[in-house]
Amino acid sequence: MFLNTEERNIAAKNHVLDLYSSIKDLTIDDFKENELFQAADSILQNLISPQIKAKGFRGLLLTAIVGKYLNPDYDFLNNFYSCNPRSIFEQGIFLALRELEIPSGKSDPLNVAKNTFVLDSNWANGKRPQMAAEAVVNYLNLINKYYKNTEDYEYLVKLFMFRLKELSDQHSKLTITPVTATGDTQQELAIKLWNFISEAVEGGTIPQFFIGILLEAIYLYDKKMTIEGTRESVSGTNTTSKKPGDLTLLKNDNAIGVFEVTLKSIDNKRLSDSYDVLNELNFLNVPITFICRLPEDTKPLKDITYNTKNSSGFIKTPHYFNFLDMQSFISSQIALLDNAQIDYLLTNLREFISLYDRPLLTKNIWNKCFPPSTEEN
């Protein structure tokens with residue numbers, strides 16, 4: 001029994017590191033001879049795969065395993081939250097996964113099972129992707145069945161960790177194509193960047209990061225100007241985010257512009273929520289601009305006034321909101337950058353895409369949009 005929360009969280013982290021150490025030199029052949037392999041691995045194929053967006057579900061399963069290690073009486077199927085999943089994951093498990101460069105979110109259990117106590121088919125039903133949620137339930141039932149058989153239980157836990165390691169290895173082996181300011185014209189580069197951003201959306205992560213870096217590049221030579229929000233996790237503007245928008249432009253630390261970056265439909269409720277946040281944070285005197293796709297993303301708004309060719313627009317109720325077409329914004333701004341600014345943009349973007357926790361799909365889309373040159377092959 002651990003004396004306090006800090007000791008428990010440290011033990012959670014160390015247990016994940018120990019599990020990894022126990023399998024890091026193994027191959028799949030070391031697992032195949034076990035009679036449980038076929039049943040167990042068929043479940044994991046629906047949970048651990050580059051094609052399945054299941055970070056949250058993988059983290060949930062690992063949290064249950066670690067919770068059982070910390071407390072043998074822990075019932076992860078019927079009382080999942082009794083292990084204090086937020087604490088042991090965010091302050092223990094996640095730190096180990098980051099150290100091992102295994103892709104994960106910062107709050108995986110909460111993302112897919114917040115305030116959930118029973119993990120069963122009812123919980124899994126309707127989750128996205130449902131096959132991953134069902135895999136969690138099936139694997140938890142499997143390890144629960146064999147818990148009293150120490151050897152089989154340890155085998156199942158190690159197989160899960162081995163598959164996580166394999167996923168991490170796949171990420172580390174994928175090379176991201178380097179891109180420089182030379183080779184393409186600025187508009188050719190802008191077209192490729194837009195193709196990448198519009199396809200590799202990642203729930204808004206990629207567009208928000210890119211627009212933030214683009215603004216940083218625009219003001220690269222102006223030390224009075226800074227951008228907030230570029231490297232923060234993406235979250236919608238709401239009363240709990242405590243920020244006026246996705247990105248904030250500051251001059252001498254004073255906000256002079258707020259930007260919402262989205263490739264999703266914008267309706268009146270979105271504007272109303274944005275107004276509430278601006279009002280709460282005393283930002284109503286700061287211009288706010290939605291950078292989106294025009295006119296596709298603003299079709300639900302009836303009162304919007306478009307300028308020429310729908311590349312920009314505005315609306316005055318319930319507040320004055322500006323709208324810019326993202327593709328047009330990217331093309332026009334990149335045309336004004338010099339080589340140093342473009343290098344800053346591309347270097348930061350490529351480093352971000354190369355991070356171990358970026359999805360393989362995102363990396364593959366990057367390499368498709370920026371294929372190696374003939375000279376590099």
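Values in this text are rule-based calculations from the coordinates and carry no lab data. None of the values given here were measured: they were computed from a predicted structure. Reconstructed Cβ throughout: ideal geometry from the backbone, glycine too, with neighbour counts over all protein chains shown.
Quick notes on this structure:
- Placing +1 on the Cβ of every Lys and Arg and -1 on the Cβ of every Asp and Glu, with no other charges, gives segment 186-369 a dipole of roughly 200 debye about its Cα centre.
- Residue of 224, 158, 363 that the Gaussian network model of the chain assigns the largest fluctuation, springs spanning Cα pairs under 10 Å: 224
- Using alpha-carbon coordinates, inclination of helix 360-369 to the longest axis of the chain, degrees: 40
- For residue 293, the residues 5 or more places off, or on other chains, whose built amide H falls under 5 Å of its own are 326.
- Relative to the compact-globule estimate of 2.2 N^0.38 Å, the Cα radius of gyration of segment 244-377 comes out at 1.26.
- Cα gyration tensor category, rounded, prolate or oblate, for segment 316-377 with a/c compared to 1.5: prolate
- Debye-formula intensities of segment 23-74, expressed as log10 I(q)/I(0) at q = 0.28, 0.29, 0.32 Å⁻¹, are -1.05, -1.04, -1.04 (one equal scatterer per alpha-carbon, no solvent).
- Principal axis dimensions, largest first and in whole angstrom, of segment 5-172 by Cα: 38, 34, 34
- For segment 142-266, the fraction of alpha-carbon pairs in successive 5 Å shells from zero, as %: 2, 9, 12, 13, 13, 12, 10, 8, 7, 6, 4, 3, 1
- Distance distribution P(r), the chain, all Cα-Cα pairs, bin width 20 angstrom from 0: 25, 49, 25, 1 percent.
- Here the Karplus curve 6.51 cos²θ - 1.76 cosθ + 1.60, taken at θ = phi - 60°, turns the phi angles of segment 307-312 into couplings of 8, 3, 6, 6, 7, 7 Hz, with x standing for Gly and Pro.
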